[in-house]
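Okay, so here's the structure we're looking at.
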Amino acid sequence: MNGQRETFSSGLAVFFATLGSAVGLGNIWKFPYLVGEYGGGAFLAVYLLCVAFIGLPVMWTEFYVGRKTRKNPVGAMSMLSPGTPWKHVGTMGVASAYLIMFFYSCVAGWVYYYLFKAIQGDFVGITMEAAKAEFGAVVVGPLSPVLWQFIVLVVVSSIIAFGVQKGIERMTKTLMPLLFVLILICDFRALTLPGAGAGVDFLFQVDFSKLSGAAILTAMGLAFFKLSLGMGTMTTYASYFTADNNLFRTGAKVAVSDTMVSLLAGLAVFPTVFSFGLEPGAGPGLLFMTIPLVFSQIPFGNLLLVAFFFLASIAATTAMLSLVEVPTAWMSEEYGVDRKKAAALNALIIFCIGILATLSVDKASFLGSYTWLGRGFFDWFDYLSSNVMLPVGGLCFVIFVRRHLSWEELRREFSNGGALPLGGMFTFYWFSVRYVTPVLLGLIFLHSVGVL
Ligand code: PFF
């Protein structure tokens, strides 16, 4: 198998790659929308607590498993606990990564398609009705969404085929700073529109009356999905971290930066939406219907629209990279498949099954009438992965730490063999992972499957 395993070249490369996984489509519509919906600043405070008590402990645990073993999730768990069923936590991670990619690649395809249309100037002077009709047509297809899904997979698997340093590292190091710059440009334009203040108020109002139990559980689930936890992506990336990386610090920096990107995205979207008196709660449609509409009506709008969909494409691509890397590392390390072939094979598998998701998004879609218990393929892939497998995966990781790893062993790894001072961070991690995180993750799971 792989005698010489690649690693990222520096701490900065580790940071951008990991941030690239966390920053995704979730930042651009899901996070700001949920913050506005559930009480603004109050929800944000709860979200930050969830990041601290669930997100970071699970992320650090995945970092431990990956860097300690330098293997894909299945190989890593087999190495830490040979001959036991714990390796299936890794197997479940690989399975969840596939499930997420089946529908994530479809949405990423829409984003690429919108970028293409924006570049062509198709949205100039578009009306509300036309924007809605356009989105409906894109979703139903059937040919164009499948074609764009294919293009996304070709792009992502080609980057993956180049390897860890020449592929993932080079792309994320270039694209993540660019994404920041593009968001700031969109923010500047949005915040200088007349009536933009209402959008800022929507995002940052502090309304504790909206903070229901459901809001708290939503914040927990969001923290988990936002930081790409529970399906072995962080385990896989950490297996490429440098030996001297400060795992605690990397996790904290990624969590803070990811939250910042989400808030900056909110500051580009909501002031614009409010300035035009539109509905802020439109979910995914917000991105695809409202943004072209409003940007088409302001000076330099089409340029900004291209910038906006370009940054959304970057977010989708870098998140997909981390997902495709999971089965690619697994196939090449566990079965000796050549990395390039593994990347191509995975793109093919994701495409063949992902078509089912793409063609079942809407009732009017080609496979829209195939439903089971009220859900089509797209919804099942989404529901099973996000609501069931990710929280269960995260829970398994923390239970594993609780049962198998001693205080001394964890301290040794997190301090890089005693080279780093850990301070109170380690005590915080130890108590969260043993007592707080498992309980909270159990609650998320029960909520997601409808028991709570
Ligand atoms: N964190 C990504 C987002 O917020 O859009 C979603 C995601 C990417 C989840 C990668 C899981 C993953 F492995």
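The values are calculated or read from the model by the stated rules, or taken from the named source; none is laboratory data. Bear in mind that the values here come from a model prediction, so they are computed numbers and not experimental data. Every residue, glycine as well, gets a Cβ built from its backbone with ideal geometry; the counts of neighbours run over all protein chains shown. Quick note on the areas: whole protein, heavy atoms, side chains included, nothing else; ligands and nucleic acids left out. Shrake-Rupley method; radii C 1.70, N 1.55, O 1.52, S 1.80 Å.
Computing the accessible area with a 1.4 Å probe over protein heavy atoms, can you report the carbon and sulfur percentage for the chain?
Taking all protein chains in place, the chain shows 68 percent carbon and sulfur surface.
Please work out the Cα center distance from region 275-316 to region 54-100, rounded to the nearest Å.
Spelled out, the Cα-based centre of one part sits 38 Å from the other.
About the Cα centre of the chain, what is the dipole size in debye to 20, counting +1 per Lys and Arg Cβ and -1 per Asp and Glu Cβ, all else neutral?
Magnitude of the dipole: close to 960 debye.
By how many degrees, between 0 and 90 and to the nearest 10, does the Cα long axis of helix 390-404 differ from the longest principal axis of the chain?
20 degrees
Can you give the extra length, in nm with one decimal, that the chain gains between His88 and Ile353 once fully stretched, where that is 0.36 nm per residue apart less the Cα-Cα distance?
Taking His88 through Ile353 to full extension adds about 93.2 nm, to one decimal.
Assign one of three labels to region 151-296, namely rounded, prolate or oblate, based on the Cα gyration tensor with a ≥ b ≥ c the square roots of its eigenvalues; rounded applies when a/c is under 1.5, prolate when it is not and a/b is larger than b/c, and oblate otherwise.
Note, shape of region 151-296 comes out prolate.
What is the percent of Cα-Cα separations in region 365-452 that go past 17 Å?
62 percent
Tilt of helix 339-358 relative to the longest C-alpha principal axis of the chain, in degrees (0 to 90, nearest 10)?
50 degrees
With a 1.4 Å probe and all protein chains left in place, how much accessible area per residue does region 403-452 have, in Å²?
54 Å²
What is the Rg over Rh value, at two decimals, for the chain, using alpha-carbon atoms and the Kirkwood definition of Rh?
On the Cα set of the chain, Rg over Rh gives 0.96.
What accessible area, in Å² to the nearest ten, does a 1.4 Å probe give for Glu408?
Estimated to the nearest 10 Å², Glu408 gives 110 Å².
Provide Glu409, Glu62 ordered by accessible surface of protein heavy atoms (probe 1.4 Å), highest first.
Glu409, Glu62
Within 14 Å, Cβ to Cβ, of Lys71, how many net charges do the neighbouring residues add up to if Lys/Arg are +1 and Asp/Glu are -1?
Once all neighbours under 14 Å are counted, the net charge is 0.
Name the residue farthest towards the positive end of the dipole of the chain from the options Gly336, Val254, Ala161, assuming +1 on Cβ of Lys and Arg, -1 on Cβ of Asp and Glu, about the Cα centre.
Gly336
Debye sum, Cα scatterers, region 33-143, no solvent: what log₁₀ I/I(0) at q = 0.09, 0.19, 0.20, 0.23 1/Å?
After summing over all Cα pairs, the log10 values are -0.50, -1.01, -1.04, -1.15.
Where the centroid of each part is defined by its Cα atoms, how far is region 357-422 from region 128-204 in Å?
Answer, in whole Å: 23.
Compute the long axis of helix 170-191 from its Cα atoms, compare it with the longest principal axis of the Cα atoms of the chain, and write down the angle in degrees, 0 to 90, nearest 10.
40 degrees
Ordering Val181, Val155, Val46 from largest to smallest accessible area (1.4 angstrom probe), what's the sequence?
Largest accessible area first, the residues go Val181, Val155, Val46.
Hey, what D do you get for region 243-366 in µm²/s if you plug the Kirkwood alpha-carbon radius into Stokes-Einstein at 37 °C and 0.692 mPa s?
Calculated translational D: 182 µm²/s.
When a/c reaches 1.5 or more, the comparison of a/b and b/c decides; with that in mind, is region 311-431 rounded, prolate or oblate per its Cα gyration tensor?
Prolate, because a/c is 1.5 or more and a/b exceeds b/c.
Projected onto the charge dipole of region 42-132 (+1 at Lys/Arg Cβ, -1 at Asp/Glu Cβ, origin at the Cα centre), which of Ala45, Ser81, Val58 gives the Cα projection farthest towards the positive end?
Ser81
Give me log10 I(q)/I(0) at q = 0.28 Å⁻¹ for region 107-146, Debye formula, one equal scatterer per alpha-carbon, no solvent.
Debye intensities relative to I(0), on a log10 scale: -1.06.
Please give the net charge around Thr233, taking every other residue with its beta carbon less than 11 angstrom from that of Thr233, where Lys and Arg add +1 and Asp and Glu add -1.
Every neighbour counted, the sum reads -2.
Of all the stretches in the chain, which is the longest one without any exposed loop site, taking trypsin sites (Lys or Arg not before Pro) in a DSSP loop (any state but H, G, I, E, B) with at most 16 other Cβ atoms within 10 Å?
With trypsin sites (Lys or Arg not before Pro) excluded where exposed in loops, the chain gives 6-362 as its longest stretch.
Let me make sure I get this right: for region 83-208, a, b and c are the square roots of the gyration tensor eigenvalues over alpha carbons, sorted descending. Under 1.5 in a/c it's rounded, otherwise prolate if a/b > b/c, else oblate. Which is it?
Cα axes put region 83-208 in the prolate bin.
How would you order 15-21, 145-151 from highest to lowest mean count of nearby Cβ atoms within 10 Å?
So the peptides 15-21, 145-151, ranked by packing, come out 15-21, 145-151.
With every protein chain left in place, what is the accessible area per residue of region 192-263 in square angstrom, probe 1.4 Å?
Accessible area per residue: 33 Å².
What relative contact order, as a whole-number percentage, does the chain give when Cα pairs under 8 Å and 6 or more residues apart are counted?
34 percent
Per residue, how much accessible area does region 14-67 have with a 1.4 Å probe, in Å²?
Spelled out: the 1.4 Å probe surface of region 14-67, per residue, equals 17 Å².
Of the options Trp148, Met171, Phe103, report the single residue whose Cα projects farthest towards the positive end of the charge dipole of region 101-189 (beta-carbon charges: Lys, Arg +1; Asp, Glu -1).
Checking the options against the dipole of region 101-189, the answer is Met171.
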